[in-house]
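The values are calculated or read from the model by the stated rules, or taken from the named source; none is laboratory data. Keep in mind the model is a prediction, meaning the values are calculated, not measured. All Cβ positions, glycine included, derive from the backbone under ideal geometry; neighbour counts span all protein chains shown. To get the accessible areas, we keep the full protein, side chains included, count just its heavy atoms, and leave off ligands, DNA and RNA. Shrake-Rupley method; radii C 1.70, N 1.55, O 1.52, S 1.80 Å.
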Amino acid sequence: MKPDIQTFQCKDDGEIPNNGRFPVIVYKQVFTDTPSEIEPAFNRHGWTNSWVNGIFDYHHYHTNTHEVLGVKSGDAVVQIGGEQGERLEIQTGDVIVLPAGTGHKRLSQSPDFSVVGAYPNGQSPNLKKRDTGSRAQSLSEIEQVPAAETDPVFGERGPLLDYWKDCKEDGCD
């Protein structure tokens, strides 16, 4: 099955650094029929330190690792990239890969909404909020995070590797 994939780049908005090298990747309905397989798939492909919960209702990001979110149940509207960022409607089976530094928050959700989150190589994410005072340090930390070695959904041959391969140093064209 070829997944429906969306990608977009989030620009630095002055408060949320986002990621100038790697695009956000959205796999639509890739686990619609098998949401119980989300966490095992992530873990099998080296995206571990997983958890099941919701998404915070305030803008936050991680400067030390990328993050994957797979919708295990329900639906929600999330904002990616800061106040002027993309609004995404996500539902059971959808997966979002957030490059380090990418702001995200939940705007609304169904009562049964839950996501599986995980990180490449089991990284422990830090939690950053909008703060212009720590901006230089955040940008430096984000630049140090390497491209993921595997796709959280498809492993060693997944689309993420194609989307991120030409973005490792100079950003994507």
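Where residues in segment 39-72 are among the hydrophobic types (A, V, I, L, M, F, W, C) and open to solvent by 50 Å² or more (accessible area, probe 1.4 Å), which of them is farthest from Gly122 (Cα to Cα)?
Kept after step one, since they are among the hydrophobic types (A, V, I, L, M, F, W, C), are these residues of segment 39-72: 41-42, 47, 51-52, 55-56, 68-69, 71.
Now narrow it down to the ones that are open to solvent by 50 Å² or more (accessible area, probe 1.4 Å): 51-52, 56.
Details: Trp51: 11, Val52: 15, Phe56: 20 Å.
Residue satisfying both the conditions and the ranking: Phe56.
Could you list, in sequence order, all residues of segment 17-69 that are touching a strand residue (DSSP E or B) at 6+ places or on another chain (Cβ under 6 Å), among the aliphatic types (A, V, I, L, M) and within 23 Å of Ala147 (Cβ to Cβ)?
Answer for segment 17-69, where residues must be touching a strand residue (DSSP E or B) at 6+ places or on another chain (Cβ under 6 Å), among the aliphatic types (A, V, I, L, M) and within 23 Å of Ala147 (Cβ to Cβ): Val24, Ile25, Val26, Val30, Ile38, Val68, Leu69.
Exactly one of (1) within 13 Å of the chain's Cα centre (by Cα); (2) under 15 Å from Lys28 (Cα atoms); (3) among the aliphatic types (A, V, I, L, M) is unmet by Ile80. Its number?
(2) is the only condition that Ile80 fails.
Within segment 73-85, restricting attention to residues that are more than 10 Å from Gly103 (Cβ to Cβ) and of a type outside the set (S, T, N, Q), which residue is most open to solvent (accessible area, probe 1.4 Å)?
Just the residues of segment 73-85 that are more than 10 Å from Gly103 (Cβ to Cβ), to begin with: 73-78, 84.
From what is left, the residues that are of a type outside the set (S, T, N, Q) are 74-78.
Details: Gly74: 10, Asp75: 77, Ala76: 5, Val77: 37, Val78: 2 Å².
Step by step, filter segment 73-85, then rank; the result is Asp75.
For segment 86-107, state whether one or more residues are among the hydroxyl-bearing types (Ser, Thr, Tyr) and surrounded by fewer than 19 Cβ atoms within 10 Å (Cβ to Cβ).
Here is the first cut: in segment 86-107, the ones among the hydroxyl-bearing types (Ser, Thr, Tyr) are 92, 102.
Of the ones still in play, those that are also surrounded by fewer than 19 Cβ atoms within 10 Å (Cβ to Cβ) are none.
Looking for residues that are among the hydroxyl-bearing types (Ser, Thr, Tyr) and surrounded by fewer than 19 Cβ atoms within 10 Å (Cβ to Cβ), one finds none in segment 86-107, hence no.
Can you find a residue that is among the acidic types (Asp, Glu), over 13 Å from Trp47 (Cβ atoms) and open to solvent by less than 10 Å² (accessible area, probe 1.4 Å) anywhere in segment 119-136? Full working, then the answer.
At the first step, the residues of segment 119-136 found to be among the acidic types (Asp, Glu) are 131.
Subsequent filtering for residues that are over 13 Å from Trp47 (Cβ atoms) retains 131.
From what is left, the residues that are open to solvent by less than 10 Å² (accessible area, probe 1.4 Å) are none.
Within segment 119-136, none of the residues are among the acidic types (Asp, Glu), over 13 Å from Trp47 (Cβ atoms) and open to solvent by less than 10 Å² (accessible area, probe 1.4 Å).
Inspect all residues belonging to segment 17-38 and state whether any of them is free of Cβ contacts under 8 Å to residues at least 12 places away in the same chain, open to solvent by 70 Å² or more (accessible area, probe 1.4 Å) and not polar (S, T, N, Q).
Yes, because at least one residue in segment 17-38 is free of Cβ contacts under 8 Å to residues at least 12 places away in the same chain, open to solvent by 70 Å² or more (accessible area, probe 1.4 Å) and not polar (S, T, N, Q).
Looking at Asp4 and the list (1) open to solvent by 50 Å² or more (accessible area, probe 1.4 Å); (2) touching a residue at least 60 places away in the same chain (Cβ under 8 Å), which single condition is not satisfied?
(2)
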